[in-house]
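A.B. asks: Handing you this structure, nothing more for now.
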Amino acid sequence: MTDRSNSNDQAFFKLSRLNYFYIIELSYMDKKAQYLSTAHSINCNGRFINTSSPLVMGILNITPDSFFDGGKYNDHKFVLKRINGMLEEGADIIDIGAYSSRPGALDITEKEEQERLFSVLELIRNQFPEIILSVDTFRSGIAKGVVETFQVDIINDISAGEMDDKMFSTIAKLNVPYVMMHMKGTPQNMQQNVRYKNDVVFEVIDYLAEKKKRLDLLGVHDVIIDPGFGFGKSLDHNYELLNRLYEFRLLGLPILVGISRKSMIYKLLNSSPQEALNGTTALHMLALEKGANILRVHDVKEAKECIGLYEKLKSLH
């Protein structure tokens, strides 16, 4: 990456795997980011969600060891209450995860993941048949099962196909929107080596660009990108990625940001996940300013309010 102290207004860098040059106008990018549109209509089983206005993806963890709400929603009564609450607060998408991806999380088998998911998905589809459902999984077998059995609308893969080499071809066959996230390593070891050879933003963009190219060749175009905050990154890496989030617009895909109550907030503030709502909201506003299209959150009401304030400010430009 060009030295950021250089007086030139433009920096040129090459995404080697795509074999073309992107131009980033560093001096003016904050003002011009709005013109690099990542607005898309995402086809969810014949229903379209438009990312021209920011969306909220509400989190439902059905794991016993999630960093914030682990074990809280294992009871079906509480699952329904949680879903209903998020919908009333304005969630556009509900993302369900049965495999904990917190740093150092225990691995579980595909059978265990499926058992956790299927009973909950059956319950949710019966009670809330019209909602847009996303499932957080890196396993192609799980992706196939939840889409074919419960008409899940979106697959959210923390490994961008790295942990299951059949995932990309499976997504192509299922013809569902796909969230691909950058992660260095696995949840079990991702924080053991957080070094990057070059600029972290460049490396993550380069990685996602290569994945985009592979998906394009398979005919998969409803793709959402996630820089992977907290997944194989240091505290400084996370803030560099957030501060330069607008650069991800160069890929021309909707950007999902998942920073809700994460350690990049509570460790910096010497607090805890339970005390990290204010910090989360502050960084959500910055993420929106930098080009986020989807906020993946634990606290739907606060995220919707943040978006409402952002949209008002944006309308004055």
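A.B. asks: How about Lys262: which lysines have a C-alpha closer than 20 Å to its C-alpha, ignoring those fewer than 8 places off in the same chain?
C.D. replies: Lys72, Lys184, Lys233, Lys290, Lys301, Lys304
A.B. asks: Now for a different question. Modelling each spin label as a point 7 Å along the Cα-to-Cβ direction, I'd like the Arg214/Lys267 distance in nm, to one decimal.
C.D. replies: Placing both labels 7 Å along Cα→Cβ, they lie 2.8 nm apart.
A.B. asks: Please work out the Cα convex hull volume for region 50-315 and give it in Å³ per residue. Present the calculation step by step, with values, prior to reporting the outcome.
C.D. replies: Details: hull volume 31.9 nm³, N = 266.
Convex hull volume per residue, Cα atoms: 120 Å³.
A.B. asks: If you keep only loop residues by DSSP, which trypsin sites (Lys or Arg not before Pro) in region 117-197 have at most 10 other Cβ atoms within 10 Å of their Cβ?
C.D. replies: Those satisfying the criteria are Arg195, Lys197.
Coordinate-derived values only; no laboratory data. For clarity, every value in this text was computed on a predicted model and none was experimentally measured. Positions of Cβ are backbone-derived with ideal geometry, glycine not excepted, and every protein chain shown enters the neighbour counts.
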